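Undergrad: Dumping the structure here so I can ask a few things about it.
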Amino acid sequence: MKTFRPFSSIKVTGCFILAMTANGAAGETLKQMETAMGMPVPELSAWLSDYREALPRADKYKPDEKLFGAGVYRSPFDDSTLREINGWVKENTDGMIEQILDEIPPDAVMYLVNALAFDAEWQEICHDYQVREGEFTCEDGRVQKADMMYSRENAWLENEHAKGFLKYYVDGKYAFAALLPEEGMALQDYLSTLNGAKLRGILDNPKRAQVDAAIPKYESEYSIEMSEVLQSMGMTDAFDIGAADFSGLGHSEAGNLYISRVLHKTYIAVDEKGTKAGAATAVEIRDECTAIEEPVVMTVYLDRPFLYMIIDCEQNVPVFIRTV
């Protein structure tokens, strides 16, 4: 993780970087951020720091998260710093995300940047004969050709509206988890039935069963500016020029500090060998000078929109969560 500042005084992706930002918040701004993140900041920070140290590692996969082992850098906010921030993100995502910022606004005074890279082989790599052309039905009913990877897995996931499976990476410390909504149920409608507790309940209770699985080979990039999402979760003061309280981060002679943008980008590629994924998040701070049963063979073909995660199998915590 890296914190960039212009010349001024100063006293992991997603939740990680927001937790770091919240460590500089106070008053109602802090209360709102804690509500949005689900626990007090000291507790969350300690948990995230411990989790970073406990992440499984092995020669065949490389989870790399820059979290709270943060460096602080003073730099003039010009094109050279724009290149430096984007270069740091590219390096720390193994080139999967080439840039997080398109510009540095004149009134930006600080960036908190986090990056994550994941590169892992399947426990059992798919052979050529296991990859065949198939069809994927999109949400709007369109059918398109897709290379499908067929395999037999042994961990079945389900709840009342979805079925799925786990496909393990080398050493079984991480897994690809997929959930396919029931026929006739839109993916968005299924997502609306989930919360953290329900998702954890699914991941904590895989059943031992043979699963004939099919996963489409795919490569996906995604980006979002998260301000509206976070404000809809009740984190409003942090984005308000007059109400924000980030006194713990520093000060500016030009006025109050507030969050202007939260930029998030992800990349993922799933193929016969395994999965490569990267993510980066940047919080832009401005000042106010502007404004087990008998084996039963199940079948789960991911041939229509589905939810997937890469999970840490020791803690059953998603490292990535996305939809196709």
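The values are calculated or read from the model by the stated rules, or taken from the named source; none is laboratory data. Keep in mind that this is a model prediction, so the values were computed, not measured. Ideal geometry is used to build each Cβ from the backbone, glycine not excepted, and the neighbour counts take in all protein chains shown. These area figures cover heavy atoms from the full protein model, side chains too; ligands, DNA and RNA do not enter into them. Shrake-Rupley method; radii C 1.70, N 1.55, O 1.52, S 1.80 Å.
Undergrad: So how many residues does the range 117-160 have that are among the β-branched types (Val, Ile, Thr), loosely packed, with under 15 Cβ neighbours inside 10 Å and assigned to a strand (DSSP E or B)?
TA: Result for the range 117-160: 2.
Undergrad: Anything in the range 185-211 that is part of a loop (DSSP other than H, G, I, E, B) and more than 19 Å from MET298 (Cβ to Cβ)? List them, or say none.
TA: Listed by number, the residues that qualify are ALA186, SER192, THR193, LEU194, ASN195.
Undergrad: Residues TYR129, TYR111, TYR73, TYR150: which one is of a type in the set (Ser, Thr, Tyr) and at pLDDT 95 or above?
TA: TYR150
Undergrad: What residue, of LYS276, LYS217, LYS265, is over 16 Å from the mean Cα position of the chain (by Cα) and within 22 Å of PRO318 (Cβ to Cβ)?
TA: Among LYS276, LYS217, LYS265, only LYS217 is over 16 Å from the mean Cα position of the chain (by Cα) and within 22 Å of PRO318 (Cβ to Cβ).
Undergrad: Suppose we filter GLU272, GLU314, GLU284 for residues that are at pLDDT 85 or above and in contact with a helix residue (DSSP H, G or I) (Cβ under 8 Å, 6 or more places away or on another chain); which single one remains?
TA: So the residue among GLU272, GLU314, GLU284 that is at pLDDT 85 or above and in contact with a helix residue (DSSP H, G or I) (Cβ under 8 Å, 6 or more places away or on another chain) is GLU272.
Undergrad: Within the range 244-265, identify whether any single residue is more than 27 Å from GLY184 (Cα to Cα), at pLDDT 85 or above, part of a loop (DSSP other than H, G, I, E, B) and touching a helix residue (DSSP H, G or I) at 6+ places or on another chain (Cβ under 6 Å), and answer yes or no.
TA: Checking the range 244-265: at least one residue is more than 27 Å from GLY184 (Cα to Cα), at pLDDT 85 or above, part of a loop (DSSP other than H, G, I, E, B) and touching a helix residue (DSSP H, G or I) at 6+ places or on another chain (Cβ under 6 Å).
Undergrad: Please go through the range 227-262 and give me each residue that is of a type outside the set (Ser, Thr, Tyr) and under 22 Å from the mean Cα position of the chain (by Cα), ordered by number.
TA: Hits for the range 227-262 are GLU228, VAL229, LEU230, GLN231, MET233, GLY234, MET235, ALA238, PHE239, ILE259, ARG261, VAL262.
Undergrad: Any idea which of LEU166, LEU230, LEU180 is open to solvent by less than 20 Å² (accessible area, probe 1.4 Å), in a helix (DSSP H, G or I) and in contact with a strand residue (DSSP E or B) (Cβ under 9 Å, 6 or more places away or on another chain)?
TA: That would be LEU230, the only listed residue that is open to solvent by less than 20 Å² (accessible area, probe 1.4 Å), in a helix (DSSP H, G or I) and in contact with a strand residue (DSSP E or B) (Cβ under 9 Å, 6 or more places away or on another chain).
Undergrad: Which one of these does ASN114 not meet: (1) of a type outside the set (Asp, Glu); (2) touching a Phe, Trp or Tyr at 6+ places or on another chain (Cβ under 8 Å); (3) farther than 20 Å from VAL319 by Cβ?
TA: Exception for ASN114: condition (3).
Undergrad: Condition check: modelled with pLDDT under 95, over 21 Å from GLN123 (Cα atoms) and small (Gly, Ala, Ser). Does GLY278 satisfy that?
TA: In short, no.
Undergrad: Also, quick follow-up: Give the range 233-260 a look and list any residue that's under 15 Å from CYS15 (Cα atoms) and open to solvent by 40 Å² or more (accessible area, probe 1.4 Å), or say none.
TA: Correct list: MET233 only.
Undergrad: How many of the residues in the range 183-195 are surrounded by 13 or more Cβ atoms within 10 Å (Cβ to Cβ) and more than 22 Å from the chain's Cα centre (by Cα)?
TA: 1
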